[in-house]
Amino acid sequence: MLIASRVIFVMIIYPVYLIITSPTASAPVIVTLNMLLNFIFSIGIGATYAFLTEAFPKAVRSSGLGILYALGVTIFGGTTQVAVAWLIDWTKDPMVPAWYQIIANVAAIIGIMLLMPHAEELRERVAHVTAKA
């Protein structure tokens, strides 16, 4: 779910933005397509936080996830609107938000694929499976 939802999101973002930025797009169409994008994106959010918590040892799990979340929100949540508005103005391309989201999500997919659960978590999984056998 974690990677699949991101891949689907990346695949549909450009066509959806083509429709949204069309001069003939009505308000109901724009709202419906935004709901679709949010639904697809949100499918993997629960799995994302479960996966990220396993990247930290138990002793620092909550603080590690808190710092990671705070940095992400600070860096991207605070600058995205300004950066995208500036890029739209500079390029005169209304599709900049789509490109921005595609690049960000491809980077997220690569990061997820490179991130492994912490060794402590992997040992616990092996011990749990061994105990059941």
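The values are calculated or read from the model by the stated rules, or taken from the named source; none is laboratory data. Here the structure is a predicted model, which means the values were calculated and not measured. Glycine gets a Cβ as well: all are built from the backbone with ideal geometry, and neighbour counts include every protein chain shown. The accessibility values were calculated without ligands, DNA or RNA, using every heavy atom of the protein model including side chains. Shrake-Rupley method; radii C 1.70, N 1.55, O 1.52, S 1.80 Å.
Here's a check for you: in region 69-90, which residue that is farther than 29 Å from Ala50 by Cβ and in contact (Cβ under 8 Å) with a residue 12 or more places away in the chain is most open to solvent (accessible area, probe 1.4 Å)? Per the stated criteria, the residue is Leu87. Of the residues in region 101-112, none is among the hydrophobic types (A, V, I, L, M, F, W, C) and surrounded by fewer than 10 Cβ atoms within 10 Å (Cβ to Cβ).
Conditions (1) of a type outside the set (Phe, Trp, Tyr); (2) in a helix (DSSP H, G or I); (3) under 17 Å from the mean Cα position of the chain (by Cα), marked per residue:
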{"residue": "Phe39", "(1), (2), (3)": "no, yes, yes"}
{"residue": "Tyr49", "(1), (2), (3)": "no, yes, yes"}
{"residue": "Leu52", "(1), (2), (3)": "yes, yes, yes"}
{"residue": "Ser62", "(1), (2), (3)": "yes, yes, no"}
{"residue": "Gly72", "(1), (2), (3)": "yes, yes, yes"}
{"residue": "Ala83", "(1), (2), (3)": "yes, yes, no"}
{"residue": "Ala98", "(1), (2), (3)": "yes, yes, yes"}
{"residue": "Ile109", "(1), (2), (3)": "yes, yes, yes"}
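State all residues of region 17-31 that are in contact (Cβ under 8 Å) with a residue 24 or more places away in the chain and either of a type in the set (A, V, I, L, M) or open to solvent by less than 50 Å² (accessible area, probe 1.4 Å) (or both); if no residue qualifies, say none. Reasoning before the result, please.
Of the residues in region 17-31, the ones in contact (Cβ under 8 Å) with a residue 24 or more places away in the chain are 17-18, 21.
The answer is Tyr17, Leu18.
Taking first residues from region 39-55 that are at pLDDT 85 or above and partners that are open to solvent by 50 Å² or more (accessible area, probe 1.4 Å) and assigned to a helix (DSSP H, G or I), the Cβ contacts under 7 Å between residues at least 6 apart in sequence or on separate chains come to Ile40/Ile8. Per the conditions (1) open to solvent by less than 70 Å² (accessible area, probe 1.4 Å); (2) part of a helix (DSSP H, G or I), the sole criterion not satisfied by Asp93 is (2).
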